[in-house]
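The values are calculated or read from the model by the stated rules, or taken from the named source; none is laboratory data. Note that the coordinates shown come from a computational prediction; the quantities given were computed from them, not determined experimentally. Note: ideal-geometry Cβ built from the backbone for every residue, glycine included; neighbour counts use all protein chains shown.
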DNA sequence: GCCGTTTTCGGCCCGACTGTTTTCAGTCG
């Protein structure tokens, strides 16, 4: 699995640790050692800052799951760029064998045996071995295994991977809608429910006294390309759009436990189980049970289970083992911001630049959503490809918005904003006379993404010191699966944003989701304020603000952290802080 | 390899499903 580290600098370290784990699993006898490497990898993957900064302050071995041996390897890797231990491990196994692990239903034992007994060293060779029916010659392997492997190879080559949350969201809603009539209760679970930025598959949990009915309906849906497995309580299908969907059915008294279990995260579940054991319980997908007599304590709802463990209810977005269990036990969970708290959108485009709805359509759509205000932020002049507004057109748009507001045509107040390019030298793309006329400016990076960290940090610090800048738009400028985050010194940039009162945007555009959660957490520590926007280019995508809300909740944000939960008058004051 | 109010050893989540078995190993989540 490629690393999706919160700080891109940590990607190679995470890959290094996971590769060690992979090789140890294929060759090794100790099954816990690879787990230790994976745990350390997960910890480092979630770090908001380069692991080198933890090395510098001597705190690497204090990270969860990182002890003496692993911290030594991490240090060796960051200084030498390679790890002797891994170099030696690599000699024992061809890299193609590692790649086979990416195939569904091929794990370390299978890959190891294919290599040891058939000398299969690549996925291509595995395909050949299956076609020549050599795999079925191995003890414990048969005809169906060969067929499954060929299917997995095909799926892998067609790029079966993770999907944007927004793509999965619609499918999950369809599944819930379609299967709802067969269930007592039904809900999406998994990373989709936790509002992660990408999801690998869709998990649906349902309760029913008649599981066969819902299972049959699930497998018979027209969107099903093939059935991966089908049992009494659990089935998996591959949908025609390439997404995998899993359905799990339990009795209604276990619905909460199953929902909790399959919502995860895995790490959250592990910690929760540990806490359960400490308190004399056993927790599984059927409920919470007393250990001494196995009597049921809770299971009908998640609230009931957290309650029985003397905790506050933990919203799914927080279930990442980032201290939420400790906070819930201490009655100290944040009151997370909700979509209904948002009083207006501050990042919207119209057909004046690269949007496809008119100013009036956007205002009407904002009004329909019950917003108090909508900020229009078309692109500035440098954005030629996006039809950015020249100074002259920007002046005209301001006049137009003023006229619209005084016309009384809309109850919603239209704010004059702009998404102003942060130029490579850190200046904003409009002169002060325009910036001074705007209600506020959103500054964004749209060019020269590959600047060195030091230069990029300078660029951003210059922009953040501009008194006309109110909001730092999609701060990392990443596009999920397409473009990496820009690199900058997060401490310096967030510190400057806090000091200058520049609010950080959480952009809800489905392929941006920027800031991401770990950086939100980091920025909040610096005392930054935030805004939640849709970055919509069409009147229907104002609803994308829900993805910004999801990310904000994953970042532990409360209503008071978010500027656009304020009324218009207070907001304008905050934007000029 | 990591970890610790069961602490320096002995655990490390655990249940469903599949394909191959004839009681289970491997994979997945």
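Points to keep in mind about this one:
- Candidate set: the range A:313-354, residues that are without any contact (Cβ under 8 Å) to a residue 12 or more places away in the chain and more than 28 Å from residue A:574 (Cβ to Cβ); chosen: the one surrounded by the most Cβ atoms within 10 Å (Cβ to Cβ): A:351
Each row is one residue, and each column tells you yes or no for (1) assigned by TED's automatic domain parsing to the domain that holds residue A:563; (2) under 18 Å from residue A:571 (Cβ atoms); (3) in contact with a helix residue (DSSP H, G or I) (Cβ under 6 Å, 6 or more places away or on another chain).
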{"position": "A:359", "(1), (2), (3)": "yes, no, no"}
{"position": "A:363", "(1), (2), (3)": "yes, yes, no"}
{"position": "A:372", "(1), (2), (3)": "yes, yes, yes"}
{"position": "A:383", "(1), (2), (3)": "yes, no, no"}
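- Where residue A:111 falls short, out of the listed (1) farther than 30 Å from residue A:135 by Cβ; (2) under 31 Å from the mean Cα position of the chain (by Cα); (3) within 12 Å of DNA strand B (Cβ to nearest atom); (4) part of a helix (DSSP H, G or I): (1)
- Among (1) at pLDDT below 95; (2) surrounded by 17 or more Cβ atoms within 10 Å (Cβ to Cβ); (3) within 30 Å of residue A:371 (Cβ to Cβ) - the single one residue A:470 does not satisfy: (1)
- Qualifying residue in the range A:155-176 (condition: within 13 Å of DNA strand B (Cβ to nearest atom), farther than 24 Å from residue A:314 by Cβ, in contact (Cβ under 8 Å) with a residue 40 or more places away in the chain and in a helix (DSSP H, G or I)): yes
- Filtered residues of the range A:29-79 (kept if within 11 Å of DNA strand B (Cβ to nearest atom), outside any helix (DSSP H, G or I) and under 23 Å from residue A:489 (Cβ atoms)): A:63
- The one condition in (1) crowded, with 22+ Cβ neighbours inside 10 Å; (2) touching a residue at least 60 places away in the same chain (Cβ under 8 Å) that residue A:357 fails to fulfil: (1)
- Options A:14, A:66, A:60; residue that is out of contact with any strand residue (DSSP E or B) (no Cβ under 7 Å at 6 or more places or on another chain), outside the structural domain of residue A:197 (by TED's automatic domain parsing) and modelled with pLDDT of 90 or more: A:66
- Among the residues of this structure, residue A:98 does not count as one that is surrounded by fewer than 15 Cβ atoms within 10 Å (Cβ to Cβ), on the phi < 0 side of the Ramachandran plot, outside any loop (DSSP other than H, G, I, E, B) and modelled with pLDDT under 90.
- Where helices (runs of 4 or more DSSP H) fall entirely within the range A:188-291, those with at least 2 residues that are in contact (Cβ under 8 Å) with a residue 60 or more places away in the chain and near DNA strand B (Cβ under 10 Å from one of its atoms) are at A:190-193, A:255-263.
- For first residues located in the range A:552-565 and in the same structural domain as residue A:48 (by TED's automatic domain parsing) and in a helix (DSSP H, G or I), partners that are buried (at least 21 other Cβ atoms within 10 Å of the Cβ) and at pLDDT below 95 and lie 6+ apart or on another chain with Cβ distances below 7 Å do not occur.
- The set of residues in the range A:177-186 that are surrounded by fewer than 22 Cβ atoms within 10 Å (Cβ to Cβ) and part of a strand (DSSP E or B) contains only A:185.
- Of all residues making up the range A:114-148, the number that are in a helix (DSSP H, G or I) and within 13 Å of DNA strand B (Cβ to nearest atom): 15
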